[in-house]
Amino acid sequence: MGKSASRDSPYISEKLTFPDPALMQSLCGERNAHLQLLEKKTGVSVHVRGNELLLQGGDWEVDLAEKILNQLYGLLKVNYPVYINDVDYAIRILSGDPSADLKKIFKDEVFISSKKTIITPKTINQKQYIDSIRKFDIVFGIGPAGTGKTYLAMAMAVSALMKKEVRRVVLARPAVEAGEHLGFLPGDLYEKVNPYLRPLYDALHDMMDFENATRLLQQGVIEVAPIAFMRGRTLNDSFVILDEAQNSTPEQMKMFLTRLGFSSKAVITGDVTQTDLPNGITSGLIVAKEILKGINGIQFVFFSREDVIRHPLVQEIIDAYEKMESRKRSRRE
């Protein structure tokens, strides 16, 4: 198919043909919602004519839209269901890297949850993160909220447990006071720290049915605990996750990393821009990032606002805060 453009117009036209009517309908989305999103994000006009799509717009934009549509159609041909979020992810991925292969990213099945949801990476960085966890024994996932750092690590951990690649999964988090003192909370120590661990339980129950998760927790096959409970232990044949690692002190981070035993993996996740540590205390995640980079067997994967897979407004919120921090740094300098 060749591009055609008028000398008097900066626009070009490209015609795409998709022979399978059912797949064409899925590609367009309900009431052409997928095409409308494509138009909004790329600035290309898309017109439906039977089993053909006519793209009109700038040369680069039309080329991008063509790549997106052809790759999404290719996913549909191999029975991958394309939803509107997938269209959004595809636009983000190919806008940043036009040579990216969506099949290699979207078809990389990490785990199938108890809700029969297939958990797969949705961005290039998420794909790199998954591949790094497979290859390296210690992986740091650093970036803003909503980028899937903890969720994908949990999926990899549960998958490894189900495949008997490890004998247990340990999920840890710093129990850092964020505006509310532990001593003022009701209950014993377990009840005081349990609210800090709730997000880990939520992610676990999202991947496993409640009865199975409860049984494995009771048996100690899956353990959810504050980072302080890791002291003095050696974790062999384990998949260990430290979540919200930006709230660990350098001493806690060193203690956690040195718990790793034989045939074990550790994934450390956090956002260095959101520490709840008291003033004057350096984040253990920041220190680890500075002193451990370059060590063979340890991999750092950095996420950005482009990897956020929550509500679209979350991206805008992160961007607004980053701009505010940038202005503060400029004033200090």
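The values are calculated or read from the model by the stated rules, or taken from the named source; none is laboratory data. Not measured: the values here are computed from a predicted model. Please note: Cβ atoms are built from the backbone with ideal geometry, for glycine as well, and neighbour counts cover all protein chains shown. For the accessible areas, the whole protein counts, side chains as well, though only heavy atoms, and no ligand, DNA or RNA atoms are used. Shrake-Rupley method; radii C 1.70, N 1.55, O 1.52, S 1.80 Å.
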Checking region 215-270 for chymotrypsin sites (Phe, Trp or Tyr not before Pro) in a loop per DSSP with at most 12 other beta-carbon atoms within 10 Å yields 262
In the chain the DSSP beta bridges are antiparallel at a rate, in percent to nearest 5, of 40 percent
Expected field for residue 281, accessible surface area in Å² at 1.4 Å probe radius, rounded to 10, holds 80 Å²
Computed ³J(HN,Hα) along region 287-303: with the Karplus parameters 6.51/-1.76/1.60, θ = phi - 60°, integer Hz and x for glycine or proline, the list is 5, 4, 4, 7, 9, 9, 5, x, 7, 4, x, 10, 10, 10, 10, 10, 9
Counting only protein heavy atoms and leaving out ligands, DNA and RNA, the solvent-accessible surface of residue 205 at a 1.4 Å probe, in Å² to the nearest 10, equals 50 Å²
Residue 219 and residue 325 label points (each 7 Å along its Cα→Cβ direction) are spaced in nm at 4.2 nm
The set of residues whose placed amide H lies less than 5 Å from the amide H of residue 170, leaving out same-chain residues fewer than 5 positions away, is 223, 239, 240, 241
The answer for region 21-169, accessible area per residue at 1.4 Å probe in Å², is 46 Å²
Quick note, region 212-333: a/c under 1.5 would make it rounded; otherwise a/b > b/c is prolate and the rest oblate (a ≥ b ≥ c, C-alpha gyration tensor); here it is prolate
About its Cα centre, the chain carries a charge dipole, from +1 on Lys and Arg Cβ atoms and -1 on Asp and Glu Cβ atoms, whose size in debye to the nearest 20 is 580 debye
The correct ranking of 329, 168, 231 by accessible area at 1.4 Å, largest first, is 231, 329, 168
For the table 41/107; 40/293; 67/127; 127/328; 103/323, the rows whose alpha-carbon distance is greater than 31 Å are 40/293; 127/328; 103/323
Excluding ligands, DNA and RNA, the carbon-plus-sulfur percentage of the accessible area of the chain with a 1.4 Å probe reads 51 percent
Any aspartates and glutamates whose Cα falls less than 17 Å from that of residue 116, other than same-chain ones fewer than 8 residues away, would be 108, 202, 206, 209, 211
With the 1.4 Å probe rolled over protein heavy atoms, region 226-309 has an accessible area per residue in Å² of 47 Å²
Scalar couplings 3J(HN,Hα) for region 252-257 by Karplus 6.51 cos²θ - 1.76 cosθ + 1.60 (θ = phi - 60°), nearest whole Hz, x for Gly and Pro, are 5, 4, 4, 4, 5, 5
